[in-house]
Amino acid sequence: MSQEAVLGGLLCCLLMAIVVVADSPYRFFEWNVTYGYIYPLGVKQQGILINGQFPGPEIHSVTNDNLIINVHNSLDEPFLISWNGVQQRRNSYEDGVVGTTCPIPPGKNFTYILQAKDQIGSFFYFPSLGLHKAAGGFGGFRILSRPLIPVPFDDPAGDFTLLIGDWYKANHTELKAMLNRGRRLPFPDAVLINGCGPNGFTINVDQGKTYRLRISNVGLEHSLNFRIEGHKLTLVEVEGTHTLQTTYSSIDVHVGQSISVLFTADQAPKAYYIAASTRFTTRILTATAALRYSGSGQPLSGEPPGGPTNQIDWSLNQARSIRTNLTASGPRPNPQGSYHYGLINLTRTIRLASSAGLVDGKQRYAVNSVSFVAGDTPLKLADYFGIPGVFRVGSISDAPTGRGMYLDTSVMQADYRAFIEIVFENRESIVLTWHLDGYSFWVVGMDGGEWSPASRNGYNLRDAVSRCTTQVYPRSWTAIYVALDNKGMWNVRSEFWARQYLGQQFYLRVYSPVVSIRDEYPIPKNALLCGRAAGRHTRPL
Ligand SMILES: *[C@@H]1O[C@H](CO)[C@@H](O)[C@H](O)[C@H]1NC(C)=O
Ligand SMILES: *[C@@H]1O[C@H](CO)[C@@H](O)[C@H](O)[C@H]1NC(C)=O
Ligand SMILES: *[C@@H]1O[C@H](CO)[C@@H](O)[C@H](O)[C@H]1NC(C)=O
Ligand SMILES: *[C@@H]1O[C@H](CO)[C@@H](O)[C@H](O)[C@H]1NC(C)=O
Ligand SMILES: *[C@@H]1O[C@H](CO)[C@@H](O)[C@H](O)[C@H]1NC(C)=O
């Protein structure tokens, strides 16, 4: 045997020893992605189904579980699934976005190998290419605490997932064609709750019991306000962080975000409206579902409860009131006892300004003047195989430049293990939402006006919430702290999907010169290879 083969064999064993974390179970999923007719608003639409379901099946997992998800693409076009908030630790190859993973060709399959490493909480998955998200293909993704780790509230009598989001009657091909022609999307037709139109979805409860709702905004654009007629909502978890348990009469969920609330069925036994309505829009779309007490046959009656509409301050104040419960356990027992993010020195500040404009007469969106266009090869694969000319590190500046908008394959480099501050600056008149793959971050501050170093005086350096998706209010900024402890190529994107599609995203290459599987796994053996990576070998180095 050659030395190389022996070394390869050793590395393989080592790798398996690491990947197969001794006591973490495996869960296997076979998913068939097809087109199928759906009728959420009473009219026939072509939806994207997973195993015949719309929304797709929910993933139930426990911290550190290994999840083997074999996705068969039975559509007539390439397809990819990405994981909103489920960190692919040391493994951006599994992230399922164009910069990391080759699209699954029609008629082919790809097996994602994920681990719910050191995470708990409520998330979702979604199709990341084109406007597929407008047709379905999304589903809930919950990571439960391991049995011996305390959860800071009693086991609820029921634990439901609600996927809420704006919705169009037009199919994803038509929507994409509008954007490709340089147009904007029209106002959506409705808001859906779990793929259902008005009162199409029901939650059954018993009087006196307490329930958990995991709510994700899987829509394309709009912030939604969520409420239940006659019931209070107690926020308990936000994208993997147990929050101070604060009670609200309604709560905003911005596009791409996930939260968990508890509510007690403490009202007279009848049917109550569950409502989700668009925020910050002139026309308001409201979706309704039913909360039905057992033993009551009465139908829903009266009007659904109203909620806040345009009030930005209401939303900002609510966002600021969401804080971490420092004594509650996370994926490990009481993690905050040992990690004080507010005491760590920043190594870098990155300021990201969003903008909208025309390039060659077509609508585009940008970050620091660069409107992202994909390379001919996934960036992560180009990086791994050393294929030159796919992207340039530094193709996006780490502060606004004031330049006019231009197209590029934007990649920003940052040092592995750096502790950075990112300020999202929004000079526009709409609410934006930003998501960082591979990480959760502390939302240390948000306010109106221009950010300046003096803004740091108002930061919450004690109990800010750690999450993966944050909103930025109109003519305002949001600041986050991130510990760059996950090597890889990570997508930073607007969750306003038309903007993401038209360039408001880039990749953060979290880099160190040292190659070690302690820091990053090698390319998976089953990785699909495309573009200029086609025909290469995926053997571990
Ligand atoms: C997926 O579903 C389609 C339509 O039902 C079927 O023709 C195909 O064989 C299925 N593929 C797999 C891999 O199950
Ligand atoms: C496709 O599925 C088969 C099993 O049906 C599996 O052996 C193979 O590894 C999968 N392909 C990829 C690229 O993951
Ligand atoms: C999408 O909608 C367009 C316009 O209504 C229609 O021509 C096309 O057939 C639809 N595509 C599918 C796959 O249903
Ligand atoms: C915080 O978590 C603890 C569990 O460690 C729990 O007992 C307490 O009620 C929580 N406090 C709030 C305000 O959520
Ligand atoms: C942060 O920087 C200050 C001043 O340079 C230094 O005294 C302190 O030890 C540093 N803190 C940490 C946690 O590195």
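The values are calculated or read from the model by the stated rules, or taken from the named source; none is laboratory data. Note that the coordinates shown come from a computational prediction; the quantities given were computed from them, not determined experimentally. So basically every Cβ, Gly included, is an ideal-geometry build from the backbone, and we count neighbours across all protein chains shown. Just the protein is used for accessible areas: all its heavy atoms, side chains included, with ligands, DNA and RNA removed. Shrake-Rupley method; radii C 1.70, N 1.55, O 1.52, S 1.80 Å.
Compactness of segment 3-144 is given as radius of gyration and Dmax, 16.7, 65 Å, from Cα positions.
Ignoring everything except DSSP H segments at least 4 long, calculate the 222 nm mean residue ellipticity for the chain; use -39,500 (n - 2.57) per segment, divide by total residues, nearest 500. List each step's numbers first, then the result.
Numbers: 5 runs with 48 residues, N = 541.
My calculation for the chain gives -2500 deg cm²/dmol from helical runs alone.
Express the carbon and sulfur contribution to the solvent-accessible surface of segment 424-496 as a percent, rounded to the nearest whole number, probe 1.4 angstrom. Kindly include the intermediate steps, with their values, before the conclusion.
Numbers: 980 of 2030 Å².
Reported share for carbon and sulfur atoms: 48 percent.
Please list Ser355, Ser315 from largest to smallest accessible area, probe radius 1.4 Å, with all protein chains kept in place.
On the way: Ser355 35, Ser315 0 Å².
Largest accessible area first, the list is Ser355, Ser315.
Could you tell me which helices of the chain pass both thresholds, a Cα extent of 24 Å or more along their own axis and a mean Kyte-Doolittle hydropathy of at least 0.5, with helices taken as whole DSSP H runs? Going by DSSP H runs, there are no hits.
Residue-wise HN-Hα couplings along segment 103-112, as the Karplus relation 6.51 cos²θ - 1.76 cosθ + 1.60 with θ = phi - 60° gives them from phi, are x, 7, x, x, x, 10, 9, 9, 9, 6 Hz; Gly and Pro carry x. A cut-off of 5 Å between modelled amide H atoms, ignoring neighbours fewer than 5 places along the same chain, links Phe160 with Arg212, Leu213, Arg214.
Sorting 203-216, 513-526 by their mean Cβ neighbour count within 10 Å, with the most densely packed peptide first, gives 203-216, 513-526.
Karplus-derived 3J(HN,Hα) values for segment 222-239, using 6.51 cos²θ - 1.76 cosθ + 1.60 with θ = phi - 60°, are 8, 5, 10, 9, 10, 7, 10, 3, x, 10, 8, 10, 10, 6, 10, 8, 10, 6 Hz; glycine and proline are entered as x. Taking the accessible area of segment 3-144, probe 1.4 Å, and keeping the other protein chains in place, the carbon and sulfur fraction comes to 60%.
Along the axis of the charge dipole computed for the chain (Cβ charges of +1 for Lys and Arg, -1 for Asp and Glu, origin at the Cα centre), the listed residues Ala289, Cys102, Ile517 are led at the positive end by Cys102.
Work out the length of the dipole vector of the chain about its Cα centre, built from +1 on the beta-carbon of each Lys and Arg and -1 on the beta-carbon of each Asp and Glu, and round it to the nearest 20 debye. The partial results should precede the final answer.
Values: 48 positive and 42 negative charges, 121 e Å.
Roughly 580 debye for the chain.
By the compact-protein rule of thumb, 2.2 N^0.38 Å, the alpha-carbon radius of gyration of segment 339-521 corresponds to a ratio of 1.02. In terms of its Cα atoms, the chain spans 76, 54, 52 Å along the principal axes, sorted from long to short. Overall, the accessible surface of segment 501-541 at a probe of 1.4 angstrom is composed of carbon and sulfur to the extent of 57 percent. For segment 69-228, the calculated P(r), taken from all Cα-Cα distances in 10 Å bins from zero up to the bin holding the longest distance, is 9, 31, 34, 20, 5, 0 percent.
If r is the Cβ-Cβ distance from Arg462 to Asp155 and R0 is 22 Å, what FRET efficiency results, to the nearest 0.05? Walk me through the numbers on the way to the answer.
Numbers: r = 29 Å, r/R0 = 1.33.
For R0 = 22 Å, the calculated efficiency reads 0.15.
Quick one: Kirkwood hydrodynamic radius for segment 247-327, alpha-carbon pairs, angstrom, one decimal? Kindly include the intermediate steps, with their values, before the conclusion.
Values: mean 1/r = 0.0668 Å⁻¹.
Over segment 247-327, the inverse of the mean reciprocal pair distance is 15.0 Å.
Computed extension gain for Ser516 through Ile312, at 0.36 nm per residue and net of the alpha carbon distance, reaches 68.8 nm.
In this Cβ point-charge picture (+1 for Lys and Arg, -1 for Asp and Glu), segment 339-521 has a dipole of about 100 debye about its Cα centre. Note on exposure: Tyr501, Tyr93 ranked by accessible area (1.4 Å probe, complete protein assembly) read Tyr501, Tyr93, with the most exposed listed first.
A probe of 1.4 angstrom, applied to the heavy atoms of all protein chains, finds Met405 with accessible area near 50 square angstrom. Accessible area of His132 (1.4 Å probe, protein heavy atoms only, ligands and nucleic acids ignored): about 0 Å². Protein-only accessible surface at a 1.4 angstrom probe places the residues Arg184, Arg292, Arg142 in the order Arg184, Arg292, Arg142, largest first. Database remark: amide H of Asp463 closer than 5 angstrom to no amide H (H placed geometrically; neighbours at sequence offset of 5 or more, or on other chains; Pro and chain starts carry no H). Couplings for segment 366-373, taken from phi via the Karplus curve 6.51 cos²θ - 1.76 cosθ + 1.60 with θ = phi - 60°, read 9, 10, 6, 6, 9, 9, 5, 10 Hz in order; Gly and Pro are left as x. For Thr401 and Val43, a Förster radius of 45 Å and the Cβ-Cβ distance give a FRET efficiency of 0.45, rounded to the nearest 0.05. Residues whose amide H falls under 5 Å from that of Ile59, counting only those 5 or more places apart or on a different chain, are Gly140, Phe141, Arg142, with hydrogens built in the peptide plane.
Along the axis of the charge dipole computed for the chain (Cβ charges of +1 for Lys and Arg, -1 for Asp and Glu, origin at the Cα centre), the listed residues Leu262, Leu224, Phe79 are led at the positive end by Phe79. Ligands, DNA and RNA are left out, and with a 1.4 angstrom probe the accessible area of the chain is 39 Å² per residue.
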